[in-house]
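Comments concern the structure below.
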Amino acid sequence: MRIERQRYTERFGSVRINDVQKVLELDSGRKVDLPLKEAIAVSKVEEAVIKDFEEKMAIIIPIKNEKLKLFEGVISGVPHDCLIIVVSNSERKQVDRFRMERDTLSQFCHFTQRQALIIHQKDQILAEALAQADYADMLDKDGKVKDGKSEGMIIGMLMAALSQKKYIGFVDADNYFPGAVWEYIKSYAAGFSMAKSPYAMVRILWRYKPKMSGEVYFNKWGRVSETTNKCLNSLISIKSGFETDIVKTGNAGEHAMSMKLAQILPYASGYAVEPQELISIFEEFGGALPMTYQTAAKHGVEIFQIESRNPHFHEEKGLFHLQDMLLQGLASIYHSPLCEPQTKQRIIKELLAQEALKPGEKPVKPHINSAPSKEKIRNFAKFMADRLDSYSALEKIS
Ligand code: GDP
Ligand code: CO
């Protein structure tokens, strides 16, 4: 893969946010030993290097009642050496969608001879393991894990830690193009290969997010992302005293982290999770508030924003979903101790303008799940390690 080098990096305390880097070439050819003429501006990430990272990476796919055909396409796009971890919150009552997902995954793993894990979010053993791991606040009054993509992501992270993976990447199950999934994961690997700190995050920026309305229209990016980015940038600008538009991936569902970073971040419930990750990084490492993680602060946290070549095309879930997403995302910024009155005002203005909030209302503070710390992982593992095989997709072939 050929990818633009980091040309501009904005620093916020010990956080380094790299400006968008474009993918130039999906396949950059064989390794050559001659010096690269283009090396000043372009990084060539060798195939073997990408594979090294893929081997150490788990791809977590949260899924809730998506079309099976989409899911089938998504898993086919995950490079062979990554471990697939599916966390499903799909229906099991009238139609057992989870079972269909599991069967699809089993068959895929059987014929491609690869490993995958699949677990249902409402699994009873999982709930017990989470209680053991001091995650009781992730459970509802019935003792099951709460609904939510973010809760699914945490389960995926714990399973990845159990599987000794060093990197985790997220891919939504409603992606239409397997080729896009493939590119996202190559980009995760490329990002990690450029990172100097073991605390790294890669977020994907979609060049185009086409809309279907009669004919396909390739618009540059969504309104929700634009607004979230504006508010995140406003917060950084005011704190640092210099205006910036460095954050371009506030809502990036497609993103990846080193396990070291994943273990120290809290995760907001629902759709606040992606912007909240950035907020948490700014709070912890931005230098304005006291720091807890000294080692990480010393290394610094690196954020890469990589612009994909494939357009992002996923299931459109309607206006209410978008408003909800905007509201929850901006709520996580609004309630940050870093957020000053000016940005708060801006958030309210945006939410009113996009009718996600009524006059006089304030955004509700999102619930924050604590970080999947080493200790939590250890306790989760104590309970789950012996049972991990029962979640293996290959075991399930009948
Ligand atoms: P958007 O792409 O950000 O607009 O949001 P989606 O509704 O497409 O959700 C992103 C991904 O999370 C999709 O793959 C969903 O199927 C999945 N998802 C949504 N809710 C849940 C949930 O409660 N649990 C799990 N495990 N996955 C979920
Ligand atoms: Co989606």
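One table, with the values for the structure above:
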item: For ALA381, net neighbour charge (Lys/Arg +1, Asp/Glu -1) across residues whose Cβ lies under 11 Å away; result: +3
item: Within region 146-165, backbone nitrogen closer than 18 Å to the virtual label 7 Å beyond the Cα of ALA385 toward Cβ; result: 158-165
item: Estimated distance in nm for a label pair at ARG11 and GLN115, the labels positioned 7 Å out from Cα along Cα-to-Cβ; result: 4.0 nm
item: Entries of LYS37/LYS186; LYS56/LYS141; LYS122/LYS374; LYS248/LYS317 with Cα pairs more than 32 Å apart; result: LYS56/LYS141
item: Where labels lie 7 Å past Cα in the beta-carbon direction, separation of HIS367 and SER163 in nm; result: 2.7 nm
item: Within a Gaussian network of the chain (alpha carbon springs, distance under 10 Å), most fluctuating of GLU243, GLU361, GLU307; result: GLU361
item: GNM flexibility winner over the chain from PHE320, PHE108, PHE12 (Cα, springs under 10 Å); result: PHE320
item: Potential lengthening between LEU352 and ASP147 on full extension [0.36 nm per residue; Cα-Cα distance subtracted]; result: 71.1 nm
item: Karplus 3J(HN,Hα) series, Hz, for region 288-301 with 6.51 cos²θ - 1.76 cosθ + 1.60 (x for Gly, Pro); result: 7, 10, x, 9, 9, 9, 5, 4, 4, 4, 5, 5, x, 10
item: Contact order relative to length of the chain, as percent, for alpha carbon pairs under 8 angstrom and 6 or more apart; result: 23 percent
item: Region 245-308 and region 330-393: distance between their alpha carbon centers, rounded to Å; result: 12 Å
item: GNM top mover of GLN305, GLN345, GLN263 - the chain, alpha-carbon springs below 10 Å; result: GLN345
item: Gained length - GLU395 relative to ARG223, 0.36 nm times residue gap less alpha-carbon distance; result: 57.6 nm
item: Neighbour cut-off at most 13 other Cβ (10 Å), DSSP loop, trypsin sites (Lys or Arg not before Pro), region 122-179; result: LYS141
item: Overall form of the chain per C-alpha gyration tensor (a/c, 1.5; a/b vs b/c); result: rounded
item: Across LYS64/LYS365; LYS67/LYS358; LYS51/LYS260, pairs whose alpha-carbon gap is larger than 26 Å; result: LYS67/LYS358
item: Computed helical MRE - 222 nm, the chain, DSSP H runs ≥ 4 contributing -39500 (n - 2.57), nearest 500; result: -12000 deg cm²/dmol
item: Two-site FRET efficiency, GLU91 against GLU4, from Cβ-Cβ distance with R₀ of 51 Å, rounded to 0.05; result: 0.75
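Quick note: the coordinates plus some simple rules give every number you see, no bench work behind them. Not measured: the values here are computed from a predicted model. Every residue, glycine as well, gets a Cβ built from its backbone with ideal geometry; the counts of neighbours run over all protein chains shown.
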